[in-house]
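Read-outs throughout are calculated quantities, based only on the coordinates presented, and are distinct from any laboratory measurement. It should be emphasised that the depicted structure is a prediction, and the values quoted were computed from it without experimental measurement. Every residue, glycine as well, gets a Cβ built from its backbone with ideal geometry; the counts of neighbours run over all protein chains shown.
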Amino acid sequence: MRAVLCKRFGPPEDLSLEEVPGLPLGEGQVRIAVKAASINFADTLVIQGKYQEKPPFPFVPGFECAGTVMEVGPGVRHLKPGLRVMALAPKGAFATETVTDATAVIPLPDGMDFAEGASFPVAYGTSHIGLVDRGQLKAGETLLVLGAAGGVGLTAVEIGKALGARVIAAASSADKLEVARAHGADAVIDYSTEDLKARVKELAPKGVDVVYDPVGGDLFDAALRCMAWNGRIVVVGFAGGRIPSVPANLLLVKQIAVAGVYWGAHQKNDPKRLAGSLMELMGLYMAGKLKPHVSHRVPLERYAEAFHLLMDRKATGKVVLTME
Ligand SMILES: NC(=O)c1ccc[n+]([C@@H]2O[C@H](COP(=O)([O-])OP(=O)(O)OC[C@H]3O[C@@H](n4cnc5c(N)ncnc54)[C@H](OP(=O)(O)O)[C@@H]3O)[C@@H](O)[C@H]2O)c1
């Protein structure tokens, strides 16, 4: 099989595409012929040694993919060769083949192509648990999404709309905001040219009920000052680079709750909820309420270019590596 290898921490140019032997298939596992694998922000951190987990070298990056089942290990009954699936891999998705646990494999619904399937679990899963469980978003409430055209941001716009909220999308360019509007945003804020707090005051004079924040830094600081009474701010990530601190007095004055979300940790801590959330998302997809957006489909051999689309803020929705 061909695989993108990380042999030392560094920029995408330090990775290499090589022929490597296939992985052994254990009990309860599935071998997948990968057709598409999406790049997550976490992948850009993993290869640079900036992620919380640092795999031993050499390793194949990539957390999620879609493809067809090639082979199932002993004990796997609900999957069979030839089935089209999406899958999570602890790592190893940026390759023409991967092996993962059968519990991390979901059949692709009709109409969903491989690139969309490879983009689905992490981004939609994070925003669903982030907004429903952590943000407690209700119909009729106002949701502010930061980084609203990014991988997780755009899914939060769609899920917010599906839950019946009024969605304000905030991003760094008119083009990105156009994408957010096309995915359901009711109002938009361009934070490269507009003051976030002043614009929110115009759009939602009483403040917003929920903030969904994958960016952090100055935007988190500003968003914390845009909250309505009893507001909730969901901490998703720090794509902007700075981890913000919370002045506790602001929380007291408006009864604001700050809620973190760590989707990946549900596999260990609450697998039942994870599975239930993914089932709900499949239902929303089948009902036509979710439309996965892939701005770039890039052949596997151009992996460095694909990483840079994300790292240089040029992508909207997801960037996907394709294997054919
Ligand atoms: N907690 C969890 O379980 C979980 C799960 C998935 C992802 N995440 C985190 O969520 C964040 C976003 O992930 P993602 O996959 O959606 O990434 P993404 O597709 O690259 O989106 C990130 C967005 O952040 C904004 N941004 C602001 N400053 C940036 C910078 N210096 N570099 C890159 N982007 C910047 C960009 O929007 P503008 O240009 O419009 O500002 C971009 O669209 C990451 O921190 C990731 O680790 C967390």
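Structure notes:
- Placing unit charges on each Cβ (+1 for Lys and Arg, -1 for Asp and Glu) gives the range 140-223 a dipole about its Cα centre, and among ALA162, GLY207, ALA185 the Cα reaching farthest toward its positive end belongs to ALA162.
- Legend: distances between Cα atoms for LYS272/LYS318; LYS80/LYS138; LYS50/LYS161; LYS197/LYS272; pairs beyond 31 Å are LYS80/LYS138; LYS50/LYS161; LYS197/LYS272.
- Remark on ALA148: its backbone amide H falls under 5 Å from those of ALA170, ALA171, a criterion applied only to residues 5 or more positions apart or on other chains, H modelled at 1.01 Å from N.
- Reduced Cα scattering model of the chain, Debye log10 I(q)/I(0), q = 0.08, 0.09, 0.11, 0.13 Å⁻¹: -0.36, -0.45, -0.67, -0.92
- Cβ-Cβ distance of ASP270 and HIS308, R₀ of 35 Å, FRET efficiency by 1/(1 + (r/R0)^6): the value works out to about 0.50.
- Its Cα centre serving as origin, the range 123-264 has a Cβ charge dipole (Lys and Arg +1, Asp and Glu -1) of approximately 360 debye.
- Using the Cβ of VAL85 as centre and a radius below 14 Å, the other residues enclosed give a net charge of -3, where K and R count +1 and D and E count -1.
- Note on the chain: helix-only mean residue ellipticity at 222 nm, from DSSP H runs of 4+ residues weighted -39500 (n - 2.57) and normalised by residue number, equals -8000 deg cm²/dmol.
- Most fluctuating residue given options THR44, THR98, THR193, as computed from a GNM of the chain linking Cα atoms under 10 Å: THR193
- Share, in percent, of DSSP beta bridges within the chain that are antiparallel, nearest 5: 55
- Farthest toward positive dipole pole in the chain [+1 Lys/Arg, -1 Asp/Glu at C-beta], among ALA102, PRO299, ALA37: ALA102
- Counting only DSSP beta bridges with both residues in the range 209-324, the antiparallel share comes to about 5 percent.
- Cα-based helix-to-principal-axis angle, 151-162 vs the chain, degrees rounded to 10: 60
- Neighbourhood net charge (9 Å Cβ-Cβ; Lys/Arg +1, Asp/Glu -1) for ILE168: +1
- In the range 170-324, one over the average inverse separation of all distinct C-alpha pairs is 17.9 Å, which is the Kirkwood hydrodynamic radius.
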